[in-house]
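Each remark here refers to the structure printed beneath this line.
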Amino acid sequence: MRAYIMKVVFAMIILSVPLNSFGDEAVKWNHITSVYTDSKGNGINRPEGVACSDKSIFIVADTGNSRLLRYTYQELAVTGGEEIKMPEMTYPLRVQINSSGEIFVLDGKLLQIVRLNPDGTFKSYIEPEGLPSPAPVIPRSFRIDSKENIYILDIFSDRILILDQTGKYLKDIALPKDNGFISDLAISNTGNIFILDSVKAIVYSASQESKEFSPLTTELKEYMNFPVNMAVDAQGFIFLADQSGGYITILGQDGSFRGHYLSFGWKEGRLRYPSQLCINEKQEVFIADRENSRIQIFTVLK
Amino acid sequence: MKLRYKMLLFFVVSTLSIVTLAYSQDKFKLKPGARGKICLNCNVSFQDKLKSPFIHTPVKAGECSGCHNPHSSSHEKFLAADKSKVCYKCHKSMIPEKASSVHKVIVDGNCILCHDPHASDNKFNLLKSGNELCFGCHKEMAESVPKVKFKHNPVEKGCLTCHNPHASAEAGSLLKDSVPSLCIKCHKTDKPSFVTGHMNYPVEKGRCTTCHNPHGSDRGVILYDNVHRPVANKMCNQCHNEPNSQNPFATKKTGYEICMGCHSNTINEIRSKNRMHWPVMSKRGCLSCHSPHASKQNSLLKSPMIELCGTCHGDTIQRQQRSQTKHPPIQEGNCTICHLPHSSDNSFLLNQPLVVEVCGTCHDWQRHSTHPIGEKVIDPRNSNLRLQCLSCHRSHGTENKQFIYFATTSEMCTQCHLQFSR
């Protein structure tokens, strides 16, 4: 009998380790470095976007200077900072890199998604083809999945538009009817689609097969001010950048609140109006720290 | 059968009343016949109150101990329960189970804001009669209703013509019925003048209060004071399908596109700027903030600016409410003193490129402080930043005085002036 009880206790201890491993106390953000300048030493101005790839490259939307900057991050050191600037891209807000290294940019002035070759030259605008009904597409945000499909948060028609890599229409999923305002979306490694309601502070989710979104969380207003951007890490944890709060909120895969990290301020490791974040496979987090005019890089230790 | 049922009910209620009375008397071991009389020995002035035409039933029965504890209490005025709960001991069903709207005073348990718990000159022990009572709190109504050029008859008759005073199971705003059902109880929708007045649109299925101010206005047919020109010119089909079509209220286009027909200059100007206020480009488009028909507010805003902006940016508005020092433009709801509501080339949709210029509209900073600020002054904390007003102050407020970011001035100054930090 005693042996049996011991086995049960042992099993419980083992099981509780992964559950606790991402509890509030178990997560540690370690500030690695901050990026302030391009390769020529010129300052970044109000960057609104950052995208990272698993090939050690990260791209910054240096919004205030109407350009992109390309950096390499290896062994805790940042190099590069070459400028990518062109007349076809006027006001970069959000950036993404696909698995082929192509760069996608949401232009806030043109209200279009610009596609660049891996070398930073202009390729095309994303023009959705074969839409079920003609209507303007106004992208507020977008994501590229591992199959290189393009997901556009189209606020004009209240939908997530899913296109293949050539821009052909695949499907769309309507946004929840009673949403406050959807500001961002994210795709998990398993293909689940998440959308973020900034006004109500609700995250909704849908699987690839779903025809509609369902709430993953309740209203999280008591935990958040105005979340505007989201990213999902390799384990499915959801990271939300709270713009006016100046912190990052982490939610579990089930939408449960796991904690606030970082805080409002000027010092390195603090944020003022974070606008986009990116998480790579090594659990390194890149944050466009807009009002501090810098990019900050952290590792998240569990 | 019915009579027998009533008799039975009467018997049960009577028995319960006697038992309650006996319990109450027994509870305080009052002398026979004492009850309320004993209280009046000391509360002499209360005798006059009892001469009022309307007396609360327990008072009339001398049941002071129904609401008060004569010996001691944890609540003010020796009440037997908290003042927000004591009335509900008897008046249990003031709020319907599935209420669509509830009067805030009821939620707060502030019954005495309207009722005198002892006696009054008005029916239901109301403190004042008619609209005068409601206008005590609804001051905006008190000011506007007597002044408006075109009055709505039910308002003259009394607020309770359309509103329930406590709660409504049927509709919002304590209305006795939903709109338009409430309105068409008086307004005959098949009258030719009604039909032609509404350009043959089946408005009996619509929401009257999108155009008409039910409390009266200075415009004919009590339209809200600010009317969208197509509505004023009775050109509904400029935006909507024809009245005899299958879906007459559907709009010909959606989002900002429907407004472009007339407001193309505005839309083009919005799109010429770098930073968009995203709701303008959303499915609701301009209607995110503007009413398409008529409004009390200038520029056809859906509600006063602070409420409207607070619908989405509630956290920012609340920060101001919590702030020790208030910033007048926010308090007064003048968000557009600093921000452009549609689009801007500047961060935070500010109306000027430099924060110093925005603040300089109201503040002469050189008098305020001799601290160097401006585009030529680099922030010692970060060479990409320039020192400006927001380097020290958070314009929508903080928990600290003068909405500075830190609890003390020295803590704030030593963020940059490190040599003085201890």
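A short reminder: the numbers here are calculations on the coordinates, not readings from a lab. All values reported here derive from a predicted model rather than from experimental measurement. Glycine gets a Cβ as well: all are built from the backbone with ideal geometry, and neighbour counts include every protein chain shown.
Please report the spacing between the Cα centers of the stretch B:273-292 and the stretch A:114-187 in Å, no decimals.
About 20 Å separates the Cα centre of the stretch B:273-292 from the one of the stretch A:114-187.
Please report the relative contact order for chain B, taking Cα pairs under 8 Å with a sequence separation of at least 6, and give it as a percent rounded to a whole number.
Numbers: 511 pairs, mean separation 35.0, N = 422.
Relative contact order here is 8 percent.
In degrees from 0 to 90, rounded to the nearest 10, what is the angle of the helix A:2-20 Cα long axis to the longest principal axis of chain A?
20 degrees
Using r as the Cβ-Cβ distance of B:THR361 and B:ALA142, and R0 as 41 Å, what FRET efficiency do you calculate, to the nearest 0.05?
0.75
Arranged by the count of other C-beta atoms within 10 angstrom, fewest first, what order do B:HIS293, B:HIS417, B:HIS163 take?
Working: B:HIS293 22, B:HIS417 11, B:HIS163 19.
Ranked by crowding around the Cβ, least crowded first: B:HIS417, B:HIS163, B:HIS293.
How far apart, in nanometres, would the label points at B:PHE46 and B:SER93 be if each is projected 7 angstrom from Cα along the Cα-to-Cβ direction?
Spacing of the two 7 Å Cα→Cβ label points: 3.0 nm.
Count, for each residue of B:201-212, the Cβ atoms from other chains sitting within 10 Å of its Cβ, then give me the mean as a whole number.
Rounded to a whole number, the mean comes out at 0.
Where the centre of each part is set by its Cα atoms, how far does the stretch B:407-422 sit from the stretch A:261-302, in angstrom?
25 Å
Take the Cα atoms of the stretch B:85-179, build their convex hull, and give its volume per residue in Å³.
Convex hull volume per residue, Cα atoms: 104 Å³.
How high is the relative contact order of chain A, given as a whole-number percent (alpha carbon pairs under 8 Å, six or more residues apart)? Provide the component values of the computation, followed by the final result.
Numbers: 772 pairs, mean separation 48.8, N = 302.
Answer for chain A is 16 percent.
How about the stretch B:92-168: which GluC sites (Glu not before Pro) there are in a DSSP loop, with at most 12 other Cβ atoms within 10 Å of their Cβ?
B:GLU97
Per the Cauchy relation, a quarter of the hull surface: what is the mean projected area of the convex hull of the alpha carbons in the stretch A:2-301, in nm²?
17.2 nm²
In which sequence would A:TYR73, B:TYR201 go, from the one with the fewest C-beta neighbours within 10 Å to the one with the most?
Result, fewest neighbours first: B:TYR201, A:TYR73.
For each of B:ILE55, A:ILE279, count neighbouring Cβ atoms within 10 Å of the residue's Cβ, then give the residues from fewest to most. All intermediate terms of the calculation are to be shown ahead of the outcome.
Details: B:ILE55 17, A:ILE279 20.
So the residues, fewest neighbours to most, are B:ILE55, A:ILE279.
Can you give the convex hull volume per residue for the Cα atoms of the stretch A:139-294, as a whole number of Å³?
112 Å³
Which helices count as membrane-span-like in chain B under these terms: full DSSP H, at least 20 Å along the axis by C-alpha, Kyte-Doolittle mean of 0.0 or more?
Helices meeting the criterion: B:2-28.
State log₁₀ I(q)/I(0) for the stretch A:17-144 at q = 0.10, 0.13, 0.18 Å⁻¹ as given by the Debye formula over alpha-carbon point scatterers of equal weight, solvent excluded.
-0.39, -0.61, -0.95
Which whole-number value in Å³ per residue fits the convex hull of the alpha carbons of the stretch B:229-300?
94 Å³
Find, among the trypsin sites (Lys or Arg not before Pro) in the stretch B:32-121, those assigned to loop by DSSP (not H, G, I, E, B) with at most 13 other beta-carbon atoms within 10 angstrom.
B:LYS51, B:LYS85, B:LYS92, B:LYS98
How large is the Rg to Rh ratio of the protein assembly as shown when both quantities use alpha carbon positions and Rh follows Kirkwood?
1.05
Can you pull the one-decimal nm distance between simple spin-label points at B:THR210 and B:SER193, each 7 Å off the Cα toward Cβ?
2.5 nm
Given charges of +1 on the Cβ of Lys and Arg and -1 on the Cβ of Asp and Glu, with all other atoms neutral, how large is the dipole of the stretch A:2-301 about its Cα centre, in debye to the nearest 20?
Dipole size: approximately 400 debye.
Taking the alpha carbon gyration tensor of chain B, what are the square roots of 5 times its eigenvalues, largest first, to the nearest whole Å?
Computed over chain B, the values are 53, 39, 18 Å.
Could you pull out which residues in the stretch B:71-86 have an amide N less than 12 Å from a spot 7 Å beyond the Cα of B:ILE112, following the Cα-Cβ vector?
B:75-86
How far apart, in nm, are two points set 7 Å out from the Cα along the Cα-to-Cβ line at B:ASN268 and at B:ASN69?
7.6 nm
DSSP loop trypsin sites (Lys or Arg not before Pro) in the stretch B:113-195 with at most 13 other Cβ atoms within 10 Å of their Cβ, which ones?
B:LYS149, B:LYS188
Per DSSP helix of 4 or more residues, -39500 (n - 2.57); summed, then divided by the residues of the protein assembly as shown. What does that give at 222 nm, rounded to the nearest 500?
So the calculated ellipticity at 222 nm is -5500 deg cm²/dmol.
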